[in-house]
Amino acid sequence: MKGEVVIGLEVHAELNTESKLFCACPTQGEEEPNTRTCPVCLGHPGSKPVANKKAVEHAAKLAMALNCRLAKQVIFSRKSYFYPDLAKNYQITQYEVPIGENGSIDISGKRIRIKRLHIEEDPASMIHPGGIGKAGYVLVDYNRSGNPLAEIVTEPDIASPEEAREFLKALITLLRYLGAFDPSKNIIKADANISIKETGYKRAEIKNITGFREIEKALEYEIARQKHEGISSQETRSWDAEKGMTQLLRKKETEEDYGYIFDPDLVPIDIEREELEKKLPELPDKKRRRYTKEYRLSEDDARILAGEFSLAQIFEKAVEKTRPVLAARWIRGELMRVLNYNKIDTSEMKINQAQFISLLQLLEKKKITDATAQKILEKLAVDDIDVESYVKKEKLGAVSDLRMIEKYCREAIAENLQAVSDYKSGKDIALNFILGSVMRKSGGKADPKEVKETLKKLINL
Amino acid sequence: MNAAEFVRQAKSGKIDPVKNTKKFLEESKKIDSDYHYFLKFNEDAPKQAKELKKGRLYGLPVSVKDCICVKGLESRAGSKILEGYEPVFDAAAIEKIKAEGGVIVGKTAQDVFGFGSFNVNVGIGYKVPKNPFDKTRATGGSSGGAAGMVQKSELPHIAISESTGGSIAAPACYCGVYGMTPTYGRVSRYGLMDYANSMDKIGVMAKDIEDVALVMEIISGYDERDSTSKDLPAEKYTEKSDSRFRVAVVKESLGKGVEQDVKKNLIAKLGKLKYEEVSLPLTFRYGIQAYYLISLSEASTNLAKYCGMRYGKHEKLEGNFNEYFSGVRSKNFSKEEKRRIILGTFARMSGFRDAFYMKALQVRTKIIEEYRQHFRKYDIVVTPAMPNIAPKFSEIDKMTPLENYMMDIMTVGPNLAGFPHLSMPSGFSKGMPTGMLIIADHFQEKKIIDFARSLK
């Protein structure tokens, strides 16, 4: 049974390696076009590719993390087509035997099946001066040519743009846990196949969507467009992130024939499954279980923290120095609220972990109040500040001097006799009124709990 | 004078490498004007001969088949499409030759990208090399220039060459010289312009078996830049070992279609040696088909990069890229290049791929096993190197492409299966050389060389 919307993704994640997939050129660095190149990635006659072991290891680990059937060997193939961005007019990829097959990712209780995972080389980038078709020529930059990519192909199990985004986020999380992907350096791109019930599931393929934010937008746009305009035949479209719309590239009539052969320059590489298993880090599922068991977090807290690389990372650092439940509460509650407010995605947050932890420590030792901590956090989210000296400088330290608190309380009681008598007659809420007065006097630096205790003591005398 | 003797004299000062190099170039040019063995002379060679390493090839003139990259020296695999291309690096084998003091004198003629058995499939506008014994006959191919020059040169010289399906054995046989094709993986292919990567092998041609041994010792060995090269300990080919060899002659190779003199000379060359007959039915029935299906599938992808964009022949880059690529390729690829690209593309098209390309891979595995079963019993397996003497150009003109491809019947087996083999002169017929092919198990080059020594 097909749903209203049927989406399948082909994701290309650039793997985090120092050198390219088949040569020693650096994958990152010099931006001047055609400088990070050599005879191999330019396809010079006589040059030969040699597979990058690190890239293979990343991909094999990813296959395991995606619960794929892991191939015994990595076997490369040549995919032939003529295009100016291909140095050899064939791309080295995998065909018959991909490194992983039949895997899955679970997102909010739903399973998205992974059809295959394979390794391939990135083609060069093409620069269209003034936009596609405008200049009458293109420029080709081979700096990227040969960078290692993992291609992850899903079954058409995704039912909405939100699910697509969630899937991509979950995939990025896995990649980051594995150390196979660094969002500050590596690019993740997706092609999406999408069809809707109303048009009889005629399929459009949207090419080149960069990042998980864009994927939701692109798919939302395309669903609306298909509902509105309909779709005549199989279309290939491109996503223009700037304009926020998809554009027709071509109507597909026939499947292209890539004439695959095994790449005879590359010998099969054995995959040492047991060795790799030893190197596999703790993945979200296991983490979630450990968080509930070891740190006594709620299921919900554990799922959210474990499901996001950056949150898990900051949480695990925090529990070395503070109470886990406090850390979890502040990360899930306040930290996410502040990030949300600043429209920073958790995967992209750059908060100073050490400073965040010292904030938690100050809280735990009651040196600052919740209210103060919230304010500091708001600042810390956008600005790298030293929490301790900031507290000192701004005189934000909690008033822990009991004599001061008592003084403020006595004053407040004297000033709010009506409220005092209301409280005495059973209106508990009246105490909050007096509390508010004390907090104002302390400039928000008194611990409300402490104040309440003191007030009760004084009133009941 | 063989190479080792030449090097001794050069080191002792009896021979001056610079003068010798100049002389070699002069002689070669004279020969070349008649026989067309060179595509490019290295005019810097005398200058380079001034600063040579005092290695095991000190001062020795070395010619290089055009498809093997020599830094800064125009290298085009015999094809017009690479005209003007100067490699930016030396092939691994060339690095080793230079490190031993060898002098690169030029690039030798070949069939385009190795596509031929007679060296008549030359690049558009290039000349066909002629047999050193009879100018109306072919040198054999694809390494025709190398074999012709080795035979014709009066001065000591060795030729670095390459074989995919018989490109060393065939011309060595027709020109009456030694031609060694090592095991696939023995010599690094780094810097070799690909024909069929799963079968391409760099080897050597020389007049003397000791020269073969010396050069093989130098160019062999693991290279991390070619992942198909094997990491094995170096072998001392120059050290002679006295062994007894268990020898077999392949029955099919002495059957129909093989010239009488070729058979006779082979048996005479074996002399009193005891040998048995073995059979390779699968190899002789399906070897050629499997070889051409695999090699052309690979070749058609290898040649895709020659599109007039990054190197070699190009025109003003304009218009639609597809039309531009087609234009450059139509104009600069010869008929044989086009034929092989089309055949190879066909063999790997979906719908045909399983029946042709994939099936051929399976056949190759079976053929390797067929040889292996004999190598469990025999050290050496012998066949003629070519079924005939070098044909006349007028005869070649009459051959259909299929008849032409069938000429590889002797050489295709060991090439397809990656077994090392040596083509060795076995005698003469009508004034033309005949040859025998000595084949051994993978990485048993030493046995082949010692066996050839024993027959000398």
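For region B:336-347, the condition holds for no residue, the condition being that it is outside any helix (DSSP H, G or I) and not assigned by TED's automatic domain parsing to the domain that holds residue B:119. Taken over region A:197-251, the residue count meeting the criterion of being under 20 Å from residue A:163 (Cβ atoms) and of a type in the set (Gly, Ala, Ser) is 4. Could you tell me whether residue A:235 is within 14 Å of chain B (Cβ to nearest Cβ) and at pLDDT below 90? For residue A:235, the condition - within 14 Å of chain B (Cβ to nearest Cβ) and at pLDDT below 90 - is not met.
Residues are listed down the side, and each one gets a yes or a no for (1) touching a residue at least 60 places away in the same chain (Cβ under 8 Å); (2) under 44 Å from the mean Cα position of the chain (by Cα); (3) not assigned by TED's automatic domain parsing to the domain that holds residue A:322:
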| site | (1), (2), (3) |
| --- | --- |
| A:360 | no, yes, no |
| A:372 | yes, yes, no |
| A:380 | no, yes, no |
| A:406 | no, no, yes |
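For region B:290-331, a residue qualifies if it is part of a loop (DSSP other than H, G, I, E, B), facing chain A (nearest Cβ under 8 Å) and farther than 19 Å from residue B:67 by Cα, and the qualifying residues are B:309, B:317, B:318. Selection of region B:99-133 for residues being basic (Lys, Arg) and open to solvent by 10 Å² or more (accessible area, probe 1.4 Å) yields B:127, B:130. For residue A:140, the criteria (1) within 14 Å of another protein chain (Cβ to nearest Cβ); (2) outside any loop (DSSP other than H, G, I, E, B); (3) free of Cβ contacts under 8 Å to residues at least 40 places away in the same chain hold in every case but one, which is (3). Being in a loop (DSSP other than H, G, I, E, B) and either in contact (Cβ under 8 Å) with a residue 24 or more places away in the chain or within 11 Å of residue B:11 (Cα to Cα) (or both) is the filter here; which residues of region B:53-71 pass it? Passing the criteria: B:53, B:54, B:55, B:56, B:57, B:58, B:59, B:60, B:66, B:67, B:69. Is it the case that residue B:184 is touching a Ser or Thr at 6+ places or on another chain (Cβ under 8 Å), within 14 Å of chain A (Cβ to nearest Cβ), open to solvent by 10 Å² or more (accessible area, probe 1.4 Å) and not in a strand (DSSP E or B)? The answer is yes for residue B:184. Selection over region A:104-121 of residues that are open to solvent by 60 Å² or more (accessible area, probe 1.4 Å) and in contact with a strand residue (DSSP E or B) (Cβ under 8 Å, 6 or more places away or on another chain) gives a count of 4. Please verify whether residue A:305 is in the same structural domain as residue A:186 (by TED's automatic domain parsing) and either open to solvent by less than 50 Å² (accessible area, probe 1.4 Å) or in a helix (DSSP H, G or I) (or both), treating the condition exactly as stated. Judged against the criteria, residue A:305 is not a match. State the number of residues belonging to region A:147-176 that are of a type outside the set (A, V, I, L, M, F, W, C) and either assigned to a helix (DSSP H, G or I) or within 14 Å of chain B (Cβ to nearest Cβ) (or both). So the count comes out to 8.
Quick check on region A:76-91: of everything there that is open to solvent by less than 20 Å² (accessible area, probe 1.4 Å) and hydrophobic (A, V, I, L, M, F, W, C), which residue is farthest from the other protein chains (Cβ to nearest Cβ)? Among them, the one singled out is A:76. Restricting attention to region B:268-310, which residues are within 25 Å of the chain's Cα centre (by Cα), free of Cβ contacts under 8 Å to residues at least 24 places away in the same chain and buried (at least 16 other Cβ atoms within 10 Å of the Cβ)? B:304, B:305 - these are the residues of region B:268-310 that are within 25 Å of the chain's Cα centre (by Cα), free of Cβ contacts under 8 Å to residues at least 24 places away in the same chain and buried (at least 16 other Cβ atoms within 10 Å of the Cβ).
If the condition is being assigned to a loop (DSSP other than H, G, I, E, B), under 24 Å from residue B:156 (Cα atoms) and within 14 Å of chain A (Cβ to nearest Cβ), then region B:75-109 contributes B:75, B:90, B:91.
Filter region B:192-238 down to residues that are outside any loop (DSSP other than H, G, I, E, B), more than 14 Å from chain A (Cβ to nearest Cβ) and touching a Lys or Arg at 6+ places or on another chain (Cβ under 7 Å), then give me how many there are. Going through region B:192-238 one residue at a time, the tally reaches 6.
Is region A:146-156 home to any residue that is in contact with a strand residue (DSSP E or B) (Cβ under 9 Å, 6 or more places away or on another chain), within 30 Å of residue B:328 (Cα to Cα) and at pLDDT 95 or above? Within region A:146-156 (the criterion being in contact with a strand residue (DSSP E or B) (Cβ under 9 Å, 6 or more places away or on another chain), within 30 Å of residue B:328 (Cα to Cα) and at pLDDT 95 or above), the answer is yes, since at least one residue qualifies.
Selection within region B:11-36: residues that are over 16 Å from residue B:157 (Cα atoms) and in contact with a strand residue (DSSP E or B) (Cβ under 8 Å, 6 or more places away or on another chain). The member of this set that is surrounded by the most Cβ atoms within 10 Å (Cβ to Cβ) is B:35.
For residue A:179, the conditions (1) surrounded by fewer than 18 Cβ atoms within 10 Å (Cβ to Cβ); (2) in a strand (DSSP E or B); (3) under 16 Å from the mean Cα position of the chain (by Cα); (4) not polar (S, T, N, Q) all hold with the exception of (2).
Looking across region A:251-291 at every residue that is open to solvent by 90 Å² or more (accessible area, probe 1.4 Å) and within 14 Å of chain B (Cβ to nearest Cβ), the one that is nearest to residue A:79 (Cα to Cα) is identified as A:256. Would a scan of region B:80-92 turn up a residue that is among the aromatic types (Phe, Trp, Tyr) and touching a Phe, Trp or Tyr at 6+ places or on another chain (Cβ under 7 Å)? Looking for residues that are among the aromatic types (Phe, Trp, Tyr) and touching a Phe, Trp or Tyr at 6+ places or on another chain (Cβ under 7 Å), one finds at least one in region B:80-92, hence yes. Only one entry of A:56, A:50 meets the criterion of being more than 10 Å from every other protein chain (Cβ to nearest Cβ), open to solvent by less than 60 Å² (accessible area, probe 1.4 Å) and either in a helix (DSSP H, G or I) or closer than 20 Å to residue A:91 by Cα (or both), and that entry is A:56. Please give the number of the condition residue A:138 fails out of (1) open to solvent by less than 10 Å² (accessible area, probe 1.4 Å); (2) in contact with a strand residue (DSSP E or B) (Cβ under 6 Å, 6 or more places away or on another chain). With respect to (1) open to solvent by less than 10 Å² (accessible area, probe 1.4 Å); (2) in contact with a strand residue (DSSP E or B) (Cβ under 6 Å, 6 or more places away or on another chain), residue A:138 is out only on (1). The number of residues in region B:379-432 that are in a loop (DSSP other than H, G, I, E, B), at pLDDT 95 or above and surrounded by fewer than 16 Cβ atoms within 10 Å (Cβ to Cβ) comes to 2.
The values are calculated or read from the model by the stated rules, or taken from the named source; none is laboratory data. Just so it is clear, the model here is predicted, and its values are computed rather than measured. Here Cβ is always computed from backbone atoms with ideal geometry, including for glycine, and neighbour counts include all displayed protein chains. Accessible surface areas use protein heavy atoms only, side chains included; no ligands, DNA or RNA. Shrake-Rupley method; radii C 1.70, N 1.55, O 1.52, S 1.80 Å.
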